[in-house]
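First up is the structure itself, then whatever we jot down about it.
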Amino acid sequence: MGAIFISYRREDSQNATGRIHDHLDMYFGPEATFRDIDSIEGGTNFRQELDIALGHCLMVLAIIGPRWLTAQNHNGRRLLDPTDLVRIELSTALARKVAVIPVLVSFASMPERDQLPRELAALTNIQSVTVPPNRAFARGMRELVDRVHAVTGLPFDDYPILLRDSRSVGLVAIKDSFVEERTIVTEIVDSRDLMVVMNDGRSWINSNREVLGRRVADGANKTKVVLLHPKSEFIGVLVKKNKKTRVQQIEEIRRSFDVLRAVATNLGNLEIRGHHGFNPFTLILTDRYAFVSPYLFNERGSLPLLKFSSQVSSGLYQDIREDALKLFDQATSLTEADFS
């Protein structure tokens, strides 16, 4: 059950509540919040589930919109009906001494004490937080987050700031596994200029040999591939990391080299070089994106991936491209003789 219980009227503030809920998820994580529409499955006892959630939560957010006080049902004003769910949620929380924060949305005002049922009158003694729908939303949301943290002690991460900073450097995707990024193949096909930087790359190059072959056959495309040179001192690091012999590790590079030479019907459009230095990443660099995977020394299968866009003029794509070109310029052409 979530530590933060969200109480609201659907006809009053469903959109505002959804936006607040999404941002709370970004700050505290999706497991921290409880909202009926998201947390109660069909076929369950609604009232019982609400009571359980209220019994486990650390605080309740009372989302108050323009119609929260005046909403009607067949008996009249809903808040005066003892069976009204919002009234039950908040009166239960106040009776159990659960912390409650009134959250004013859509420019709503805090109700007066004499407008509320007696068991909800204590709401007027609590300082509310205003989260408006305009540009001040982020400021109001951060005030709410700080209040929630002060009351509950729940740790939070400022993901809205992270998203802003990610956008400024052109970071458009993060994947736990390199193979989850499906746009790489499309980019290989569509990009006029392609650079691939790997240590051996046998698995990836072999899996994409047909795609690479088609692009190399197109005279308008230029393809640069940088592998680890068989004479590089970094081979020793890979031997320890991959638990292979030096001969086996060099054979991995040799297989990548052979696949590339086999698919290259036009060697003028394909340059294969070997670098001698320490390479801490795998890189697929196209006209539009830089796909970067950090090199990990522990065994985990496919590497994680960061994707940067070239559309951000001051982003990291330009730095990555410049760095990759320097690596390519410093590398030497690979030949059959290098593997002897």
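The values are calculated or read from the model by the stated rules, or taken from the named source; none is laboratory data. Because the structure is predicted, anything quoted here is derived from the model rather than measured. Because the Cβ atoms are built from the backbone with ideal geometry, glycine has one as well, and the counts that use them run over all protein chains shown.
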Scan of the range 187-219 for residues that are charged (D, E, K, R) and crowded, with 20+ Cβ neighbours inside 10 Å, ordered by number: D200, R215
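Looking at the range 266-280, is at least one residue charged (D, E, K, R), surrounded by fewer than 16 Cβ atoms within 10 Å (Cβ to Cβ) and assigned by TED's automatic domain parsing to the domain that holds D193?
Restricting attention to the range 266-280, the residues satisfying the condition of being charged (D, E, K, R) are 271, 273.
If we keep only those that are surrounded by fewer than 16 Cβ atoms within 10 Å (Cβ to Cβ) as well, we get none.
No, the range 266-280 has no match at all.
Any residue at all in the range 133-140 that's outside any helix (DSSP H, G or I) and among the polar types (S, T, N, Q)? Spell out how you get there, then give the answer.
From the range 133-140, those outside any helix (DSSP H, G or I) are 133-136; that's our starting set.
Going one step further and asking which of them are among the polar types (S, T, N, Q), we end up with 134.
Yes, because at least one residue in the range 133-140 is outside any helix (DSSP H, G or I) and among the polar types (S, T, N, Q).
For the condition within 27 Å of the chain's Cα centre (by Cα), of a type outside the set (D, E) and surrounded by 15 or more Cβ atoms within 10 Å (Cβ to Cβ), what is the one hit in S232, S256, S293?
S293
Give the number of residues within the range 243-253 that are over 16 Å from F278 (Cα atoms) and in a helix (DSSP H, G or I).
Residues meeting the conditions: 5.
Can you tell me which residues in the range 268-312 are β-branched (V, I, T) and within 18 Å of G170 (Cβ to Cβ)? Step through it out loud before you land on a result.
Step one: filter the range 268-312 for residues β-branched (V, I, T), giving 272, 282, 284, 286, 292, 312.
Residues satisfying the conditions are I284, T286, V292, V312.
Specify the residue that is modelled with the lowest pLDDT; the eligible residues are those in the range 173-224 that are of a type in the set (D, E) and more than 23 Å from Y295 (Cβ to Cβ). I'd like the intermediate steps shown before the answer.
Residues of the range 173-224 of a type in the set (D, E): 176, 180-181, 187, 190, 193, 200, 210, 218.
Applying the additional criterion that residues be more than 23 Å from Y295 (Cβ to Cβ) yields 190, 193, 210, 218.
Working: D190: 91, D193: 94, E210: 89, D218: 83.
Across the range 173-224, the extreme among qualifying residues is D218.
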Filter result for R182 (without any contact (Cβ under 8 Å) to a residue 12 or more places away in the chain, among the charged types (D, E, K, R), loosely packed, with under 14 Cβ neighbours inside 10 Å and farther than 18 Å from R273 by Cβ): yes
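For the structure I just gave you, tell me whether D158 is touching an Asp or Glu at 6+ places or on another chain (Cβ under 8 Å), of a type in the set (D, E) and either surrounded by 13 or more Cβ atoms within 10 Å (Cβ to Cβ) or at pLDDT below 85 (or both). Reasoning before the result, please.
Details: touching an Asp or Glu at 6+ places or on another chain (Cβ under 8 Å): no; of a type in the set (D, E): yes; either surrounded by 13 or more Cβ atoms within 10 Å (Cβ to Cβ) or at pLDDT below 85 (or both): yes.
Judged against the criteria, D158 is not a match.
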Quick test of your reading of the structure: L116 fulfils all but one of (1) surrounded by 16 or more Cβ atoms within 10 Å (Cβ to Cβ); (2) out of contact with any Pro (no Cβ under 7 Å at 6 or more places or on another chain); (3) without any contact (Cβ under 8 Å) to a residue 12 or more places away in the chain. Name the failing condition by number. (3)
Taking the condition closer than 24 Å to L327 by Cβ, buried (at least 20 other Cβ atoms within 10 Å of the Cβ) and among the β-branched types (V, I, T), does I174 pass? no
